Amino acid sequence: MKVLVPVKRVLDYNIKARPKADASGVELAGLKMSMNPFDEIAMEAAIRFKEGGQASEVIAVSCGPQANQETLRTALALGADRAVLVETEVELQPLAVAKLLKALVAREQPGLVICGKQAIDDDANQTGQMLSALLGWSQATFASRIELGEGTALVTREIDGGLETLSIRLPAVVSTDLRLNEPRYATLPNIMKAKKKPLETLTPESLGVDIAPRLTLLKVAEPPARQGGIKVDDVAQLLDKLKNEAKVI
Amino acid sequence: MTILVVAEHDNQHLKAATRHVLAAAEAIGGEIHVLVAGQHCAGVAEAARALPGVSCVRLAQSDALESAGAENMAALVVRLAPDYTHLLTAASASGKNWMPRVAALLDVAQISDIVRVDAPDTFTRPIYAGSVWATVRSADAIKAVTVRTTAFEALPETGGAACLETVEAGVDTGLSRRTGLALNASSRPELETARVVVSGGRGLGSAERFSALLEPLADKLNAALGASRAAVDSGYVPNDYQVGQTGKIVAPDLYIAVGISGAIQHLAGMKASRVIVAINKDPDAPIFAVADYGLVGDLNQVVPALTAAL
Ligand SMILES: Cc1cc2nc3c(=O)[nH]c(=O)nc-3n(C[C@H](O)[C@H](O)[C@H](O)COP(=O)(O)OP(=O)(O)OC[C@H]3O[C@@H](n4cnc5c(N)ncnc54)[C@H](O)[C@@H]3O)c2cc1C
Ligand SMILES: Nc1ncnc2c1ncn2[C@@H]1O[C@H](COP(=O)(O)O)[C@@H](O)[C@H]1O
């Protein structure tokens, strides 16, 4: 069974995003970009299935500008067998990504797609579910455990109030939550080896997919700022403030 | 313009989240319907009929809908969608699970986690862990929207008298089936709706100290318990305690952060709280930048003293 892992290149999670001066978008110029952390977890899950003999091949896919090659090389260094870049300069929204991934699924025929639950830049939490719907497949989002069986999988999901286990039919789309695993780091020898692994480049046009954005970004802005607070000296002063100033207890 | 609000419930109780989503629907304007989908949930539909501003409650019941599985929920909502200009639900674990399926099947964008209605086709939503707010306009005929409940004040529980209509539940897609459910039994208020939240981080050091120090404090304040990702990953508390960008979003009247440094991903989940208290031994911890009242000290002394003084 092939496993497809979509990986997104995002602003590194350690960097605080700021609006551009003209409010047209988020400032990214010159800032460190990394693989979306949830996609690292997805890669790790796929690689473990390969190592465990349950997956035959792990294919990393990224959609976006040429710079995404860097993210794909990271995926290859982590253990993906090969990579596909769907290259475009057009700003991609989740529905467009889902359509591109659907076209790749038609080409590659994977038995499982493992994606991140959420890209930490757009915080959309949509792409995996959309892909699953477009394919007419089953889905299991927010996975903290995946057990592969014959034609089915058991997936434990993080939901409000606790955990839910689903039995899903394969092929399926699964999205990862934080507790699924702890991703490995790429070692130097593997980074060297990754340079020789195949990385294919396609375009939305060659896949016949319409990626026109549906949402127009009108502006980005800083959220309403909080008033700076004070430091209190001790518990007594804290209680006094909470009772008499904030009136919350 | 007619809006369909999909109710959040557990087949027994209508969750408060629905009343927050209704407020967002009211801000959009137009006629409002509520869909109650589940099994043996007629009582929920009755509660929904009393919600103010709702003209009609649509009730779909079947075994296939009992656990609100994404594939079956999406199929139902897609079938009802042509009657509506907007589909709204809470940006909860459930809403996030099925709404994107609906959007994809309708070939429309989904607008996730809105915090403001700017116009019936224009919404504002946080991106990048809430560091930035984006205002987006949708050109799609049907707007599929999930709502950040903390950003909209809940409408009252009563005041309305909606009609009730039964709708065909649809067949089971058979794509997935729930085989297990482990809910964390708790007598505390729900994290998302509690008036007071006491949250602990890595500074608590262990599951034992988390409960020994924070439970008595939460008891005194009738508070819900929350946590940072580090506390959850370290196994101090279950997953669904996590507050933050990729956990729960809360906005209580009072949020007490104990032994939490204040990473941007954590702040994303609690920055909208009315009053924030931070207890941390590091005077430079970033949490103090958002705290109304900061107390620098060792939580092992401060928390018991606070609990005793309440
Ligand atoms: C993709 C991604 C998603 C994430 N999502 C979330 C999320 O949703 N929610 C979230 O919370 N985090 C999230 N994180 C993690 C986040 O970046 C931080 O790592 C995390 O919030 C840190 O938790 P903490 O504050 O408990 O731990 P630390 O940063 O280690 O802070 C512990 C604090 O405790 C204090 N302390 C220690 N001992 C004492 C003592 N005796 N008395 C008083 N104070 C003491 C220390 O001074 C320190 O400030 C995410 C990260 C990534 C990459
Ligand atoms: N441009 C992209 N290229 C590859 N994968 C993506 C892309 N955008 C989103 N994804 C995948 O979809 C997941 C969810 O993203 P989102 O719906 O944008 O929050 C990510 O974690 C990735 O696995």
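Run the Debye formula on the Cα coordinates of the protein assembly as shown, all scatterers equal and no solvent, and tell me log10 I(q)/I(0) at q = 0.05, 0.06, 0.11, 0.13 1/Å.
-0.20, -0.29, -1.01, -1.40
Kirkwood-based Rg over Rh for segment A:8-88 (C-alpha set), two decimals?
Working: Rg = 14.8 Å, Rh = 13.9 Å.
Ratio of gyration radius to Kirkwood radius: 1.07.
Once Rh is set to the Kirkwood radius over Cα pairs, what Stokes-Einstein translational diffusion coefficient, in µm²/s, holds for segment B:2-166 at a temperature of 37 °C and a viscosity of 0.692 mPa s?
Details: Rh = 15.5 Å.
Result for D is 212 µm²/s.
Where Rh denotes the Kirkwood radius from the mean inverse Cα pair distance, what is Rg over Rh for segment A:176-245? Working shown, then result.
On the way: Rg = 26.5 Å, Rh = 20.4 Å.
Across segment A:176-245, the Cα-based Rg/Rh ratio is 1.30.
Give the average over all directions of the projected area of the C-alpha convex hull of segment B:1-79, one decimal, in nm². Don't skip to the end; give the middle numbers.
Working: hull surface 19.1 nm².
Average of the hull's projected areas for segment B:1-79 equals 4.8 nm².
Using only the alpha-carbon atoms of segment B:247-295 as identical scatterers, what base-10 log of I(q)/I(0) does the Debye formula give at q = 0.14, 0.20 Å⁻¹?
These q points yield log10 I(q)/I(0) values of -0.27, -0.55.
To make sure I understand the rule: partners must be aspartates and glutamates, Cα under 15 Å from the Cα of A:K247, and not fewer than 8 residues away in the same chain. Which ones qualify?
Answer for A:K247, where 15 Å is the Cα cut-off: B:D253, B:D292, listed by chain and number.
Using 23 Å as the Cα-Cα cut-off, could you pick out the over-long pairs in A:K16/A:K231; A:K102/B:K96; A:K8/B:K96; A:K99/B:K15?
Values: A:K16/A:K231 25 Å; A:K102/B:K96 20 Å; A:K8/B:K96 19 Å; A:K99/B:K15 34 Å.
Long pairs (Cα-Cα over 23 Å): A:K16/A:K231; A:K99/B:K15.
Please compute the net charge surrounding B:A103, taking Lys and Arg as +1 and Asp and Glu as -1 over other residues with Cβ under 13 Å from its Cβ. It would help to have the intermediate numbers written out before the result.
Values: positive: A:K99, A:R214, B:K96, B:R101, B:K143; negative: B:D107, B:D140.
Net local charge, B:A103 excluded: +3.
Give the lysines reachable from A:K50 as a straight Cα distance under 18 Å; neighbours fewer than 8 places away on the same chain don't count.
Hits, sequence-local ones excluded: A:K2, A:K193, A:K197.
Only bridges with both residues in segment A:2-244 count here: give the DSSP antiparallel percent, nearest 5.
Numbers: 17 of 43 bridges.
Of all bridge pairs located within segment A:2-244, approximately 40 percent are antiparallel.
Report the per residue volume, in Å³, of the convex hull enclosing the C-alpha atoms of segment A:110-181. Please report the intermediate quantities before stating the final value.
On the way: hull volume 6.5 nm³, N = 72.
For segment A:110-181, the hull spanned by Cα atoms encloses 90 Å³ per residue.
Please tell me the relative contact order of chain B in percent, rounded to the nearest whole number, where contacts are Cα pairs under 8 Å and at least six residues apart. Write out the running numbers ahead of the final one.
Details: 692 pairs, mean separation 46.0, N = 310.
Computed over chain B, the figure is 15 percent.
Can you compute the radius of gyration and Dmax for segment B:191-309, using only the Cα atoms, both in Å?
When restricted to the Cα atoms of segment B:191-309, Rg and Dmax are 12.3, 34 Å.
Grab the other residues whose beta carbon is less than 14 angstrom from that of A:A225, score K and R as +1, D and E as -1, and report the net. Don't jump to the answer; show the numbers that get you there.
Working: positive: A:K16, A:R18, A:R226, B:K271; negative: A:E222, B:D292.
Net charge around A:A225: +2.
Tell me the net charge near A:S167. Cut-off is 14 Å between Cβ atoms, A:S167 excluded, with +1 for each Lys or Arg and -1 for each Asp or Glu. List each step's numbers first, then the result.
Numbers: positive: A:R145, A:R157, A:R169, B:R177, B:R178; negative: A:E147, A:E150, A:E164, B:E71, B:D172.
In short, 0.
State the answer as a single residue: which of B:A68, B:L4, B:Y128 lies farthest towards the positive end of the charge dipole of segment B:2-166, with beta carbon charges of +1 for Lys and Arg and -1 for Asp and Glu, about the Cα centre.
Going by the Cα projections, it comes out as B:Y128.
What whole number of Å gives the distance from the Cα centroid of segment B:19-68 to the Cα centroid of segment A:44-78?
Here the answer is 42 Å between Cα centres.
Translational diffusion coefficient, Stokes-Einstein: compute it for chain A using the Kirkwood radius over C-alpha pairs as Rh, at 4 °C and 1.567 mPa s, and state it as an integer in µm² s⁻¹. Walk me through the intermediate numbers first.
Working: Rh = 19.8 Å.
In µm²/s, the coefficient is 65.
Quick check of the Kirkwood formula: for chain B, what is the inverse mean of 1/r over all pairs of different Cα atoms, in Å? Please list the in-between numbers first.
Details: mean 1/r = 0.0490 Å⁻¹.
Here the Kirkwood hydrodynamic radius works out to 20.4 Å.
Could you give the dipole magnitude of the protein assembly as shown about its Cα centre, charging the beta-carbon of Lys and Arg +1 and that of Asp and Glu -1, in debye to the nearest 20?
Working: 55 positive and 63 negative charges, 175 e Å.
It works out to roughly 840 debye.
To the nearest 20 debye, what charge dipole does segment B:100-170 have about its Cα centre, counting +1 at the Cβ of each Lys and Arg and -1 at the Cβ of each Asp and Glu?
So the dipole magnitude of segment B:100-170 works out to roughly 320 debye.
Any chance you could check the Cα centroid distance between segment B:143-195 and segment A:20-37 for me, in angstrom?
35 Å
Within the P(r) computed for segment B:57-117, what percentage of the Cα pairs occupies the region above 16 Å? If you can, show how the numbers build up before the last one.
On the way: 804 of 1830 pairs.
Looking at segment B:57-117, the distances longer than 16 Å represent 44 percent of pairs.
Cα axis of helix B:207-221 to longest principal axis of chain B: angle in degrees, 0 to 90, nearest 10?
The answer is roughly 70 degrees.
Let me know the longest stretch in chain B that avoids all GluC sites (Glu not before Pro) found in a DSSP loop with at most 16 other C-beta atoms within 10 Å.
Values: sites that count: B:E66, B:E153, B:E157, B:E168, B:E190.
My reading of the result: B:191-310 is the longest stretch.
Each value in this text was obtained by applying a stated rule to the coordinates, not by laboratory testing. Please read these numbers as outputs of a predicted model, since none were measured by experiment. Counting neighbours? That spans all protein chains shown, and the Cβs are built from the backbone with ideal geometry, glycine included.
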